[in-house]
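Worksheet for the structure shown next.
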Amino acid sequence: MPSVGAPILPGATLGVMGGGQLGRMFVQAAQSMGYFTVVLDPDATSPAGLVSHYHLQADYGDEQALAQLAQRCDAITTEFENVPAPALRWLAQRRRVSPPFDAVAIAQDRAREKAHFVACGVPCAPHAVIETAAQLAAVSDALLPGILKTTRLGYDGKGQVRVRTRTELAEAWTGLGSVPCVLEKMLPLKMECSVIVARGADGAMVHFPVQRNLHRDGILFVSEVYDGNVPPALTVSAIEATRKIADKLQYVGVMCVEFFVLQDDSLVVNEMAPRPHNSGHYTMDACDLSQFDLQLRTLTGLPLVAPRQHSPAIMLNLLGDLWFGSGEIAVAPPWSGLLALPGARLHLYGKDHPRRGRKMGHLCVTGASVWRRASWWVFRPRRSTAWVPTRAWTAQWRKSLPPRAVPASIR
Ligand code: AIR
């Protein structure tokens, strides 16, 4: 095992646990620096497996595959917090692994994650852990209406149910299989934002600008990053809180922390992701170093340089819904409409099964003059789509659009 201080240089082989789009973009960043890559993922056509030098097609807990990964790689990272923490621990006994498995284990469990936020002195939403019928019965009415979330294995709105009454809460808990859950009080949100930091093994930390995010049905839809997207005082508090959260974990790697901004302008932490994040995809096109470049640097021990945003950006997620404009047969959207827009960059993840709500790609728009046209192309209501924007959503979206004249200065 290399010592923490010795950088792992280009030409070495890096492994990724998980083969989704986040792994794919990491693999592409690593390959562009001259590293070789191995992806471990059970899916024969996983987005990262398809572009990696090697693909070990196996379950994340498969001992033989883990042994092969350790044998082939000089260092290993992960792209999906649902990868079992014990597998990461096993790998960490043999190779350099980041993020650390204990940080991943905390992020995998909403109850432990909330306890970590509290320990860091960062406010989070009032909540209660529900593991037993007795805890369900003891829940305070003050937490309703709320959102019931499974403590484990949830992402992109999966494993979450909104509940207004005690009856709905009981039904939702049964519907989720009576597994351990956290009930969070629904809060009056003004906006959502997130912060991405990269922390090295020596404790040095750099961060990206604060992203302002808009969700649709629990899935990130738009991230906007330009001067003035979030009030400056909140920007400072969000970055400070994220640094505390990463420091207390002795974290190594890229981490994203998501926040709610309440109507009274207070900041409340929502959740953390021990990996690059969807809200940071704009960094590939709008910054001199992307979140995947920094994942690579923290993993290999290469110098951590503060990233600089050179263009204001809007990132729009391209969900599987776009493939189902008219009926149930998936048809690729007419990309030429988007590709004709100057300053719009299309990223597709090579997923062969579009599904409604599935992240198929994203669009990064750095040309301010085409923001509205690009947003409308992605967002416009299509006949026979399952999701039709409500008036309130449309109003929120319009309000969230940046002004046509974008301030020249970028943080
Ligand atoms: N991911 C990880 N946590 C949240 C998200 N969205 C990414 C990872 C994972 C992929 O989404 O890259 O591998 C899974 O996507 P899907 O569409 O197969 O569910």
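The values are calculated or read from the model by the stated rules, or taken from the named source; none is laboratory data. Note that the structure is predicted; figures quoted are calculated from it, not measured. Ideal geometry is used to build each Cβ from the backbone, glycine not excepted, and the neighbour counts take in all protein chains shown.
Of note, CYS193 satisfies the criterion of being closer than 17 Å to VAL269 by Cα, in contact with a Lys or Arg (Cβ under 7 Å, 6 or more places away or on another chain) and not polar (S, T, N, Q). Of all residues in region 81-108, those that are in contact with a helix residue (DSSP H, G or I) (Cβ under 7 Å, 6 or more places away or on another chain) and either within 16 Å of the ligand (Cβ to nearest atom) or on the phi > 0 side of the Ramachandran plot (or both) total 9.
One line per residue, one yes/no per condition, for (1) crowded, with 20+ Cβ neighbours inside 10 Å; (2) among the acidic types (Asp, Glu); (3) under 16 Å from GLY218 (Cα atoms); (4) at pLDDT below 95:
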{"site": "CYS120", "(1), (2), (3), (4)": "no, no, no, no"}
{"site": "ALA125", "(1), (2), (3), (4)": "yes, no, no, yes"}
{"site": "ALA138", "(1), (2), (3), (4)": "no, no, no, yes"}
{"site": "TYR155", "(1), (2), (3), (4)": "no, no, yes, yes"}
{"site": "LYS158", "(1), (2), (3), (4)": "no, no, yes, yes"}
{"site": "LEU189", "(1), (2), (3), (4)": "no, no, yes, yes"}
{"site": "CYS193", "(1), (2), (3), (4)": "yes, no, yes, no"}
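When the residues of region 45-59 are filtered to those that are within 11 Å of the ligand (Cβ to nearest atom) and among the hydroxyl-bearing types (Ser, Thr, Tyr), which remaining residue is farthest from the chain's Cα centre (by Cα)? Out of the qualifying residues, it is THR45. Of the residues making up region 260-278, those that are farther than 20 Å from ARG112 by Cβ, away from the ligand (no atom under 12 Å from the Cβ) and either without any contact (Cβ under 8 Å) to a residue 12 or more places away in the chain or not hydrophobic (A, V, I, L, M, F, W, C) (or both) are GLN263, ASP264, ASP265, SER266. Filter region 298-327 for residues that are assigned to a loop (DSSP other than H, G, I, E, B) and modelled with pLDDT under 95; which is nearest to ILE147 (Cα to Cα)? Taking the candidates together, the pick is PHE324. In this entry, ILE106 is excluded by the filter for residues that are in contact with a Leu (Cβ under 9 Å, 6 or more places away or on another chain), over 30 Å from GLN21 (Cβ atoms) and crowded, with 18+ Cβ neighbours inside 10 Å. When LEU341 is tested against the conditions (1) within 16 Å of the ligand (Cβ to nearest atom); (2) assigned to a loop (DSSP other than H, G, I, E, B); (3) buried (at least 16 other Cβ atoms within 10 Å of the Cβ), the lone failure is (1).
Condition check ((1) within 18 Å of VAL197 (Cα to Cα); (2) surrounded by fewer than 18 Cβ atoms within 10 Å (Cβ to Cβ)) across all residues:
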residue	(1), (2)
PHE208	yes, no
ILE219	no, yes
VAL222	no, no
ASP227	no, yes
VAL236	yes, yes
LYS244	yes, yes
LYS248	yes, yes
VAL252	yes, no
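Applying a threshold of 6 Å to beta carbon distances and a minimum spacing of six or more residues, or different chains, the list of pairs starting in region 3-23 at a residue that is under 15 Å from LEU302 (Cβ atoms) and part of a loop (DSSP other than H, G, I, E, B) and ending at one that is among the acidic types (Asp, Glu) and away from the ligand (no atom under 16 Å from the Cβ) reads ILE8/ASP74. Elements of the type helices (runs of 4 or more DSSP H) sitting completely within region 63-111 and holding at least 1 residues that are touching a Phe, Trp or Tyr at 6+ places or on another chain (Cβ under 6 Å) and small (Gly, Ala, Ser): these cover 85-92, 101-107. For region 261-297, the candidate set comprises residues that are among the charged types (D, E, K, R) and not in a helix (DSSP H, G or I); within that set, the residue that is farthest from GLY367 (Cα to Cα) is ASP264. Candidates LEU69, LEU40: the one that is within 13 Å of the ligand (Cβ to nearest atom), in contact with a Leu (Cβ under 6 Å, 6 or more places away or on another chain) and more than 20 Å from LEU294 (Cβ to Cβ) is LEU40.
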